[in-house]
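What follows is one structure encoded as structure tokens, with my remarks underneath.
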Amino acid sequence: SETLPLIDGELGLSTWQNVFFCEFDGPRKERRVVCTILEDA
């Protein structure tokens, strides 16, 4: 799992930061990505 900051609806990354999701165990027929957005109280 990964936690990414959102600031005003955009990813809160600096100029040289990126997000990469890599899979190294071979190709798959199906892939599922689940995103959960939590509001800061």
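Give me the number: length gained by fully extending PHE24 to ASP40, i.e. 0.36 nm times residue separation minus the C-alpha to C-alpha distance, one decimal in nm.
2.4 nm
So if I place +1 on the C-beta of Lys and Arg and -1 on the C-beta of Asp and Glu, and nothing else carries charge, what would the dipole magnitude of the chain be about its Cα centre? I want it in debye, nearest 20.
Roughly 340 debye, rounded to the nearest 20.
Considering the values [x] 87; [y] 69; [z] 108, which represents volume of the Cα convex hull per residue in Å³ as calculated for the structure under consideration?
Entry [z].
Taking the dipole about the Cα centre of the chain, with the C-beta of Lys and Arg at +1 and of Asp and Glu at -1, give me whichever of PRO27, ILE37, LEU6 is farthest to the positive side.
PRO27
Every read-out reported here was derived from the displayed coordinates using simple, explicitly stated rules and does not represent laboratory data. Note that the structure is a prediction, hence the values are computed from the model and not measured. Ideal geometry is used to build each Cβ from the backbone, glycine not excepted, and the neighbour counts take in all protein chains shown.
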